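Worksheet: the structure to be examined is printed underneath.
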Amino acid sequence: MPARLFSGMQPTADSLHLGNYLGALVNWVAMQDEYEATYCVVDLHALTVSPDPEALRQRTRVTAAQYLAAGIDPERSTLFVQSHAPEHAQLAWLLNCLTGFGEASRMTQFKDKTARFGADQQNVGLFAYPVLQAADILVHDADRVPVGEDQRQHLELTRDLAQRFNARYGETFVVPDVHIVAATAKVNDLQNPGAKMSKSASSPNGIIELLDDPKKTAKKIRSAVTDTGTEVRFDPAEKPGVSNLLTIHSALSGESIPSLEDRFAGKGYGHLKVEVADVVVAALSPVRERALELLADPAELDKLLTRGAERARERASVVLARAFDRVGL
Ligand code: ADP
Ligand code: NA
């Protein structure tokens with residue numbers, strides 16, 4: 001039997017960006033061949049940042065449409081919205097009751113967010129976030145969770161909770177592997193190339209959104225911050241802007257960075273930017289068009305998500321029933 005894989009993203013932006021695409025979606029699409037994959041839009045997690053209800057609803061749909069547009073195949077993989085499978089929140093409660101207060105307090109992402117957020121934005125949901133994440137994984141009997149290094153601590157907590165539950169109540173959960181994957185590419189902000197491309201960037205021109213039209217994409221790449229030199233060379237420390245453009249080109253075109261350096265030797269940044277813009281537009285245009293098509297047909301998207309939730313619940317309800325029975329519910 002192929003290993004079961006679970007992964008998800010929060011619907012917290014009006015569009016996913018090139019970093020999400022190259023860092024996550026491209027891998028997710030490829031992993032469908034090897035794994036029995038479940039891909040989730042984790043809207044319950046997004047509630048921890050108190051979104052506007054209409055924005056949350058819309059962003060959930062856009063995120064799902066972009067998973068599909070990028071190539072997640074709803075026949076081969078299970079694609080659904082977290083809140084459509086109530087088993088996630090139900091299992092989270094059991095796990096909350098098994099999680100130490102101190103243990104949850106040590107989560108560095110929680111500490112970062114509490115430090116960053118004002119007192120009015122802090123809530124118990126943020127504190128319990130990693131426990132809900134553990135429930136997402138365990139309720140699907142996932143044994144593989146491809147995450148970046150920043151999620152290692154949450155994965156360790158998931159394993160601890162699964163082992164603790166199994167030890168206390170008897171064999172119930174699959175204990176997932178920590179499977180740290182190097183992103184296909186780490187994409188940086190076009191305006192601030194020392195920092196990663198992120199929805200929370202200060203300038204919208206630093207981010208290429210999957211829903212940007214081709215003109216806007218090309219313009220953002222032409223306006224990317226480089227340096228005062230002229231040499232096209234991969235050197236993230238000295239030339240973060242140029243290196244970021246080379247990374248993006250290489251990740252999308254498959255051409256190696258040394259080969260790009262050779263081809264652009266003596267040509268200047270303008271040429272590089274034009275070609276990177278072409279490569280990005282060629283790769284993202286079909287994704288954007290497919291996403292727009294899906295968003296223009298709400299009934300079809302709803303149908304796909306309803307079917308995905310049914311599939312997700314078939315498995316999650318069995319695991320949840322097992323866990324409820326074990327604890328005496
Ligand atoms: P953001 O940084 O915009 O808040 P998230 O933290 O929601 O994005 O990340 C969603 C997924 O996209 C994660 O798998 C993350 O590793 C990946 N990702 C986000 N930004 C980048 C980036 N700039 N380069 C590569 N991968 C990224
Ligand atoms: Na983030």
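The values are calculated or read from the model by the stated rules, or taken from the named source; none is laboratory data. Because the structure is a prediction, the values reported are computed rather than measured. For neighbour counting, all protein chains shown are included, and Cβ atoms are generated from backbone atoms with ideal geometry for every residue, glycine included. Side chains included, ligands, DNA and RNA excluded: accessible areas come from the protein's heavy atoms. Shrake-Rupley method; radii C 1.70, N 1.55, O 1.52, S 1.80 Å.
Of the set (1) in a helix (DSSP H, G or I); (2) crowded, with 21+ Cβ neighbours inside 10 Å, all apply to Gly270 but (2).
For Leu260, state whether it is under 25 Å from the mean Cα position of the chain (by Cα) and either crowded, with 21+ Cβ neighbours inside 10 Å or among the aromatic types (Phe, Trp, Tyr) (or both). When the stated conditions are applied, Leu260 does not pass them. Taking residues in the stretch 273-285 that are assigned to a helix (DSSP H, G or I), and partners anywhere that are open to solvent by 30 Å² or more (accessible area, probe 1.4 Å), the pairs with Cβ atoms closer than 7 Å and at least 6 places apart or on different chains are Lys273/Arg222; Ala277/Arg222; Val279/Leu252; Val279/Ser253; Val280/Leu252; Val281/Pro214; Ala283/Leu252; Ser285/Pro214. Among residues of the stretch 273-329 being in the same structural domain as Val41 (by the TED database) and among the hydroxyl-bearing types (Ser, Thr, Tyr), the one that is least open to solvent (accessible area, probe 1.4 Å) is Ser317. The set of residues from the stretch 162-221 being open to solvent by less than 40 Å² (accessible area, probe 1.4 Å) and polar (S, T, N, Q) comprises Asn166, Thr172, Asn188, Ser198, Ser203, Thr217. Scanning the stretch 179-198 for residues that are under 14 Å from Ile248 (Cβ atoms), more than 6 Å from ligand 1 (Cβ to nearest atom) and modelled with pLDDT under 95 turns up Thr184, Ala185. The condition (being closer than 15 Å to Leu91 by Cα and charged (D, E, K, R)) is satisfied by just one residue among Arg164, Arg144: Arg164. Scanning the stretch 68-125 for residues that are acidic (Asp, Glu) and out of contact with any helix residue (DSSP H, G or I) (no Cβ under 9 Å at 6 or more places or on another chain) turns up Glu75, Asp112, Asp120.
Hey, among the residues in the stretch 201-215 that are modelled with pLDDT of 90 or more and not in a helix (DSSP H, G or I), which one's farthest from ligand 2 (Cβ to nearest atom)? In this case the residue turns out to be Asp213.
The residues of the stretch 22-70 that are among the β-branched types (Val, Ile, Thr) and touching a strand residue (DSSP E or B) at 6+ places or on another chain (Cβ under 9 Å), listed by number, are Thr38, Val41, Val42, Thr60, Thr63. As an exercise: evaluate Leu25 against (1) within 10 Å of ligand 1 (Cβ to nearest atom); (2) touching a Leu at 6+ places or on another chain (Cβ under 9 Å); (3) modelled with pLDDT under 95 and give the number of the one condition it does not meet. Unmet condition: (3).
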